[in-house]
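What follows is a set of notes on a single structure, which appears directly below.
The values are calculated or read from the model by the stated rules, or taken from the named source; none is laboratory data. Given the structure is predicted, the values throughout are model-derived calculations rather than measurements. Heads up, the Cβs are rebuilt from the backbone with ideal geometry, glycines too, and the neighbour counts pull from every protein chain shown.
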Amino acid sequence: MNHCNNPLEVSRRRVLAAGAAIGGLVLAGCASTPAGPSIGRVVVVGGGFGGATAARYLRLWGGNVDVTLVERNAEFVSCPMSNLVLGGYRQMADITRGYGGLKALGVKVVQGEVVAIDAAARKVRLASGAELAYDRLVVSPGIDFMNEQIGGLAAALDKGSVVHAWKAGPQTVALRKQLVDMADGGVYALSIPKVPYRCPPGPYERACMVASYLKTAKPRSKVLVLDANPEITSKKGLFQRAFDQHYKGILEYRPNSEIKEVSGTVAKLEFEDVKADVLNVVPPQRAGDLARTAGLVNINNRWAGVNWQTMESTALPGVHVLGDATFPAPLMPKSGHMANQQAKVAAAAIIQLLKGEAVSATPVVMNTCYSFVTAKDVVHVASVHQYDAAEKTFKTVPGSGGVSAGANQIEGRYALSWAQNIWNDMLA
Amino acid sequence: MNPWILAAALALVAGPSLAVAQDAHLARNLAATCANCHGTNGNAVGDMKPLAGVSAEKIVALVADYRSGNQPATIMHQIAKGYTEAQIRLVAEYFAAQKPAK
């Protein structure tokens, strides 16, 4: 069956194809369709680190797989490196990439929003009302926020008096503007939710980048880190050292400081009110809205369970879930790097499932997160996770992985190269 | 012969060869775990080491040196210890067979 028509005209195409089969007619071919019969239709929802990588590798590895990527935004904006924009060390253009590379590879890119999944009929419905049929579906919806857990937060975010900047894009621009507009002597407060949340070291990197900016641009200002956790949740020693070495007198770190309510730019904790000039609240998180409405969320009413060998949902057959929305294997971080790795496990498995072959019995994923502690000095955390067939999960390899010996500028260059290479790996 | 019986017989014969076909992707899948830093199929940009077209012996030796600590590293000594020697061999042979991009 030829799938080269407008991907949104699924119903019409199916009717035409059925008619063609009965009548013995042949549908007109189109130039972009590779020779040979398609082995199947895959719809990918979400064009971030997980979804874009899945779309690309389905084309690279699958040969003639029909791949349609549905993404809300016209361009990809990277969360990793977005803290450099907040510090003034990079511009939005540096962390923004288009979907042209995927289109050139034969991925049909549809700008839109999937609002419903019919797993029985194997089709998705878009907000526009259009429907897309699939043989296998990939859902990489990222995270959404549990704003209801913090009094007044939803309204404050709507109003723009408080920003999260935990999804890169307009929120990143808004927070940078607030920091630039803040008077010297002002207080920037950053509220960190309890684990698990997207990008464990991200908040501490952000605290460093904002402190680095304020240290030179507005030296009388303060960074106040209000952490709901009892201690720094990632690369603790390295961040602690950076706070002491570079930001003494500017940055104050407060553990066990869970925000309960916001009022204007006042953060209300259990026993005190903290007045800020710029209030940046990273809200508690759960799997993206689509995962919830589609019935993919089946763990703690918060995350999507998956079969780690294939990334297929444990709730809906034929649907593969990637990235931050999944309930993680032990010690597996919610990171763009990990989403990219999971996407390749899924792409390999989907191709084999479409061909009726056995899926790989021994998948491997690994993670690296680089964090800037100054404009040039970087620290990393890395881990390697091998699939354990007996326990049906990924497990870190004893003795492998770890963190930097200390912050250093060589890894500063590696971090920037990491970004270029992973963006290429998902979008080139 | 009834075509359905023929198909069933072929499927039985095809069983073991499908398992071999699955193994054929192992090196590719393992090498893909390196791509985030070293580029798709080992075609890295920037300060990362390109691996496409590098001889398998050289990659295997370098990784062994990272594991032993003979070759100082920022991160590769930690990552190398996450893979078996057999996996490193497969990855190295995969990258050696890749064409460096222009």
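Being farther than 30 Å from A:Arg292 by Cβ, assigned by TED's automatic domain parsing to the domain that holds A:Asn256, under 21 Å from the mean Cα position of the chain (by Cα) and touching a residue at least 40 places away in the same chain (Cβ under 8 Å) is true of A:Lys235.
Of all the residues in the stretch A:379-392, those that are buried (at least 18 other Cβ atoms within 10 Å of the Cβ) and more than 7 Å from every other protein chain (Cβ to nearest Cβ) number 6.
A residue that is more than 9 Å from chain B (Cβ to nearest Cβ), farther than 25 Å from A:Ala52 by Cβ and touching a residue at least 24 places away in the same chain (Cβ under 8 Å) occurs somewhere in the stretch A:399-406. Residues in the stretch A:89-140 that are aromatic (Phe, Trp, Tyr) and under 30 Å from A:Met209 (Cα atoms) were compared, and the one that is surrounded by the most Cβ atoms within 10 Å (Cβ to Cβ) is A:Tyr99. Would you mind finding the one in A:Lys376, A:Lys395 that is in a loop (DSSP other than H, G, I, E, B), touching a residue at least 24 places away in the same chain (Cβ under 8 Å) and more than 10 Å from chain B (Cβ to nearest Cβ)? Only one candidate qualifies: A:Lys376. Restricting attention to the stretch A:344-373, the residues that are in a loop (DSSP other than H, G, I, E, B) and closer than 25 Å to B:Cys37 by Cβ total 4. Assessment of the stretch A:382-391 against the conditions (within 23 Å of the chain's Cα centre (by Cα) and part of a loop (DSSP other than H, G, I, E, B)) yields no matching residue. For the stretch A:407-428, a tally of residues being within 9 Å of chain B (Cβ to nearest Cβ) and in a loop (DSSP other than H, G, I, E, B) returns 1.
Look at A:Ala348 and say whether it is closer than 23 Å to A:Ile422 by Cα, within 10 Å of another protein chain (Cβ to nearest Cβ), touching a residue at least 40 places away in the same chain (Cβ under 8 Å) and touching a His at 6+ places or on another chain (Cβ under 7 Å). Please lay out each step first, then the result.
Details: closer than 23 Å to A:Ile422 by Cα: yes; within 10 Å of another protein chain (Cβ to nearest Cβ): yes; touching a residue at least 40 places away in the same chain (Cβ under 8 Å): yes; touching a His at 6+ places or on another chain (Cβ under 7 Å): yes.
Taking the combined requirement at face value, the residue satisfies it.
Only one residue in A:Gly40, A:Gly46 is at pLDDT 95 or above, under 22 Å from A:Leu126 (Cβ atoms) and within 16 Å of the chain's Cα centre (by Cα). Which one? After applying the criteria, what remains is A:Gly46. Against the numbered list (1) at pLDDT 95 or above; (2) facing chain A (nearest Cβ under 10 Å); (3) part of a helix (DSSP H, G or I), B:Leu62 comes up short only at (2).
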